[in-house]
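Worksheet: one structure, shown below.
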Amino acid sequence: MKIKTHKLVQCAVLAALCFITFTYLQIKVPVPGGDFTSIHFGNVFLVLAALLLGGLYGGLAGAIGMTIADIMDPVYIMVAPKTFVLKLCIGLIVGAIAHKSKKINESNDNKYILKWAVIASCAGMLFNVFADPLVGYFYKLYVLGQPQQIASALAKISAGVTFFNAVVTVIVANILYMAVRPVLKRSHLLD
């Protein structure tokens, strides 16, 4: 019971960090049709959450934090359902590789931990680089009813911005992970 409470609290803190960094540390990039995409740091804390807490709790932290941010921003409110699903998937992918497959929390070998944390992060962000523009295209086209030309242009621009966000996320999330992991391990806050 105590471990579950710790994970829920950590999940809530990381969800708040996802919300804050997406909301306040973002640069909106205008695209055709009066829409926007953004350079942001919300995914950093999503990936960090998945590395620290595992896929489910990490994915939920990112999905909840960034979906609430979308709901509170008139520019992104209509894509909130897409955000929830994609961010949850990113967390599940990172957690599956890092924890289910390679069990990084059971290792004390920092090279092994860093290697698999980076690989897991890259896998989650690679999924995002392809899924975000692709799902965004179909979501804009079929759910929101935007013209095909606008949905296509947005997907192309979104792919570039998402790639930039992914590179920054992998670097920053792993630096943060390797910095906070030993402290949390000593405090018995990692499983």
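Just so you know, all these numbers are worked out from the coordinates, no wet-lab data involved. It should be emphasised that the depicted structure is a prediction, and the values quoted were computed from it without experimental measurement. Glycine gets a Cβ as well: all are built from the backbone with ideal geometry, and neighbour counts include every protein chain shown.
Please report the relative contact order for the chain, taking Cα pairs under 8 Å with a sequence separation of at least 6, and give it as a percent rounded to a whole number.
Values: 303 pairs, mean separation 43.7, N = 191.
23 percent.
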**Prompt:** Using helices alone, what [θ] at 222 nm do you get for the chain, with -39,500 (n - 2.57) per DSSP H run of 4 or more residues, divided over all residues and rounded to the nearest 500?
**Reply:** -25000 deg cm²/dmol
**Request:** Return, ordered by residue number, the residues of segment 66-96 whose backbone nitrogen is under 18 Å from a label point located 7 Å along Cα→Cβ of Phe130.
**Result:** 86-96
**Prompt:** By how many degrees, between 0 and 90 and to the nearest 10, does the Cα long axis of helix 2-24 differ from the longest principal axis of the chain?
**Reply:** 40
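If you wrap a convex hull around the C-alpha atoms of segment 5-187 and split its volume per residue, what is the figure in Å³? Before the final figure, lay out the partial values.
On the way: hull volume 18.0 nm³, N = 183.
Spelled out: Cα convex hull of segment 5-187, divided by residues, is 98 Å³.
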**Complete:** If one compares the long axis through the Cα atoms of helix 148-186 with the longest principal axis of the Cα atoms of the chain, the angle in degrees, nearest 10, works out at 10
**Message:** What whole-number distance in Å separates the alpha-carbon centres of segment 51-67 and segment 74-123?
**Reply:** 8
**Prompt:** Helix 55-72 sits at what angle to the longest principal axis of the chain, using alpha carbons and giving 0 to 90 degrees rounded to 10?
**Reply:** 40
**Prompt:** Using a simple charge model, +1 on the beta-carbon of Lys and Arg, -1 on the beta-carbon of Asp and Glu, nothing else, what dipole does the chain show about its Cα centre, in debye to the nearest 20?
**Reply:** 580
